[in-house]
1. From the residues in segment 133-151 that are among the small types (Gly, Ala, Ser) and at positive phi, which one is modelled with the lowest pLDDT?
2. Among residues belonging to segment 10-49 that are polar (S, T, N, Q) and farther than 14 Å from Pro155 by Cα, point out the one that is modelled with the highest pLDDT.
3. Can you find even one residue in segment 138-153 that is among the charged types (D, E, K, R), surrounded by 14 or more Cβ atoms within 10 Å (Cβ to Cβ), closer than 22 Å to Val63 by Cβ and within 15 Å of the chain's Cα centre (by Cα)?
4. Being touching a residue at least 60 places away in the same chain (Cβ under 8 Å) and touching an Asp or Glu at 6+ places or on another chain (Cβ under 8 Å): is that true of Gly103 here?
5. Have a look at Val66, Val117 and point out the one that is farther than 24 Å from Arg29 by Cα, out of contact with any Lys or Arg (no Cβ under 8 Å at 6 or more places or on another chain), crowded, with 20+ Cβ neighbours inside 10 Å and not small (Gly, Ala, Ser).
6. Restricting to segment 119-149, count the residues that are of a type in the set (D, E, K, R) and free of Cβ contacts under 8 Å to residues at least 60 places away in the same chain.
7. What is the number of the single condition among (1) hydroxyl-bearing (Ser, Thr, Tyr); (2) out of contact with any strand residue (DSSP E or B) (no Cβ under 9 Å at 6 or more places or on another chain); (3) touching a residue at least 60 places away in the same chain (Cβ under 8 Å) that Thr65 does not meet?
Amino acid sequence: MDALSRSFYVVRHAKAGSRSHWSGDDRQRPLNKKGEKQADALVKLLQPFSITEIHSSPYLRCVQTVQPLARARRLEVKQSASLAEGHGLAGLSEFFGDRSLDGVVLSTHGDITWELVEDLVQRHVVRAGEGGFEKGSTWVVEVDDGVPVKARYLPAP
């Protein structure tokens with residue numbers, strides 16, 4: 001890794017209850033049992049990495065995905081609206097462009113993860129079809145001058 005590059009861990013929230021079976025505010029839809037297990041397993045998956053901060057979409061399922069990791073690392077989960085559904089790649093770019101950040105977990109949604117993967121392919125950082133964006137998965141993204149330069153996919157635990 002280049003001395004100037006910084007690392008981010010973009011986590012798509014773990015499995016949540018079905019949208020169609022949830023009658024409340026979708027922002028409050030929690031993880032299901034499988035999602036809770038995935039969230040617990042994220043602690044071990046990310047154990048080899050140096051993590052300095054954890055940011056999350058304010059949606060409950062995103063926060064719940066990184067709560068076990070935050071407890072294990074003795075870090076707080078900072079909620080950021082820019083990681084919520086519908087904010088697109090611009091939300092991630094805010095973090096990637098902040099030179100003071102390194103080793104940051106970003107818990108977000110499928111639409112944003114999909115846009116990240118498309119961007120990585122367009123930048124020739126990864127090949128089309130490499131990796132994925134399944135619920136509970138993580139992209140380790142190395143950023144130089146606000147731009148992704150290297151990425152590695154970690155399948156959902």
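1. If we take residues in segment 133-151 being among the small types (Gly, Ala, Ser) and at positive phi, then Gly146 is modelled with the lowest pLDDT.
2. Gln47
3. no
4. On the way: touching a residue at least 60 places away in the same chain (Cβ under 8 Å): yes; touching an Asp or Glu at 6+ places or on another chain (Cβ under 8 Å): yes.
Considered against the rule, which asks whether it is touching a residue at least 60 places away in the same chain (Cβ under 8 Å) and touching an Asp or Glu at 6+ places or on another chain (Cβ under 8 Å), Gly103 comes out as yes.
5. Every option except Val117 fails the conditions.
6. Kept after step one, since they are of a type in the set (D, E, K, R), are these residues of segment 119-149: 119, 123, 127, 130, 134-135, 142, 144-145.
Those still in the list that are free of Cβ contacts under 8 Å to residues at least 60 places away in the same chain too: 119, 123, 127, 130.
Going through segment 119-149 one residue at a time, the tally reaches 4.
7. Unmet condition: (2).
The values are calculated or read from the model by the stated rules, or taken from the named source; none is laboratory data. The structure displayed is predicted, hence computed values, not measured ones. Backbone-built Cβ (ideal geometry, glycine too); neighbour counts: all protein chains shown.
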